[in-house]
Amino acid sequence: MAGLFVICGHGAGDPGADGGGYTEAERVRALGARIKALGGSEVELGDTSRNWYRDGGLNSLKTDKPVVELHMDASGVPGAHGAHVIIKSGFEPDEYDRALADRLSAMMPGRAEKIVHHSELANVNRAARRGINYRLVENGFID
Ligand SMILES: [Zn+2]
């Protein structure tokens with residue numbers, strides 16, 4: 001397993017969170033494009049015109065690459081900051097989860113937990129059900 005498949009959160013009319021004159025959908029697409037530019041052929045950028053949450057794209061995605069879905073947090077709490085990685089409840093973080101969490105929390109410190117477990121997020125559950133190597137990343141707070 002090598003390379004990376006990138007899903008940019010929200011989109012297709014869903015702006016996600018906003019702050020500072022930006023929307024989450026636009027920012028994570030800019031980040032996805034940058035990851036693709038840096039990673040070249042190792043990176044597959046999923047169709048950024050889609051909303052992969054709403055259209056259930058993970059139910060039919062075929063890839064042998066690890067998958068990362070890009071988001072940004074918003075809290076309304078002044079001064080909230082930091083990045084973290086979300087994985088399925090009950091899963092142990094793998095080498096990709098740990099490397100991403102270590103790097104992102106060094107760049108964007110502030111969260112008590114670098115890796116958190118969730119059981120209620122649709123794409124986390126879809127990926128887990130299909131055996132897709134997946135994590136969702138909150139790349140700091142847009143607000
Ligand atoms: Zn989001």
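Restricting attention to the stretch 126-143, and to residues there that are in a loop (DSSP other than H, G, I, E, B) and within 15 Å of the ligand (Cβ to nearest atom), which single residue is surrounded by the most Cβ atoms within 10 Å (Cβ to Cβ)? Per the criteria, the residue is Ile142. Only residues that are within 15 Å of the ligand (Cβ to nearest atom), open to solvent by 50 Å² or more (accessible area, probe 1.4 Å) and aliphatic (A, V, I, L, M): list them for the stretch 6-48, please. Answer for the stretch 6-48, where residues must be within 15 Å of the ligand (Cβ to nearest atom), open to solvent by 50 Å² or more (accessible area, probe 1.4 Å) and aliphatic (A, V, I, L, M): Ala12, Leu31. Checking each residue in the stretch 67-79 for being within 15 Å of the ligand (Cβ to nearest atom) and open to solvent by less than 50 Å² (accessible area, probe 1.4 Å) picks out Val68, Glu69, Leu70, His71, Met72, Asp73.
Assessment of the stretch 76-92 against the conditions (in contact (Cβ under 8 Å) with a residue 60 or more places away in the chain, in contact with a Gly (Cβ under 8 Å, 6 or more places away or on another chain) and either in a strand (DSSP E or B) or under 18 Å from Arg27 (Cβ atoms) (or both)) yields at least one matching residue.
Looking at Leu104, is it more than 14 Å from the ligand (Cβ to nearest atom), under 25 Å from Gly20 (Cα atoms), of a type in the set (A, V, I, L, M) and open to solvent by less than 30 Å² (accessible area, probe 1.4 Å)? Considered against the rule, which asks whether it is more than 14 Å from the ligand (Cβ to nearest atom), under 25 Å from Gly20 (Cα atoms), of a type in the set (A, V, I, L, M) and open to solvent by less than 30 Å² (accessible area, probe 1.4 Å), Leu104 comes out as yes. Within the bounds of the stretch 105-113, is there any residue that is farther than 23 Å from Ala2 by Cα and of a type in the set (Lys, Arg)? Yes; the residues of the stretch 105-113 include at least one that is farther than 23 Å from Ala2 by Cα and of a type in the set (Lys, Arg). Residues of the stretch 105-127 that are closer than 14 Å to Pro93 by Cβ and not basic (Lys, Arg): Ser105, Glu113, Ile115, Val116, His117, His118, Val124. Being within 14 Å of the ligand (Cβ to nearest atom), modelled with pLDDT of 95 or more and polar (S, T, N, Q) is a condition met by no residue of the stretch 54-62. For the stretch 94-104, the criterion of a residue being of a type in the set (D, E, K, R), in a loop (DSSP other than H, G, I, E, B) and in contact (Cβ under 8 Å) with a residue 24 or more places away in the chain is satisfied by at least one position. Within the stretch 4-62, the set of residues being out of contact with any Cys (no Cβ under 8 Å at 6 or more places or on another chain), closer than 14 Å to Leu136 by Cα and of a type in the set (A, V, I, L, M) comprises Leu4, Val6, Ile7, Leu58. Out of the residues in the stretch 116-125 meeting the condition of being out of contact with any His (no Cβ under 7 Å at 6 or more places or on another chain) and in contact (Cβ under 8 Å) with a residue 12 or more places away in the chain, tell me which one is surrounded by the fewest Cβ atoms within 10 Å (Cβ to Cβ). Per the stated criteria, the residue is Ser119.
The values are calculated or read from the model by the stated rules, or taken from the named source; none is laboratory data. It should be emphasised that the depicted structure is a prediction, and the values quoted were computed from it without experimental measurement. No Cβ is skipped: glycine too gets one built from the backbone with ideal geometry, and neighbour counts run over all protein chains shown. In case anyone asks, the SASA skips ligands and DNA or RNA and just uses the protein heavy atoms, side chains included. Shrake-Rupley method; radii C 1.70, N 1.55, O 1.52, S 1.80 Å.
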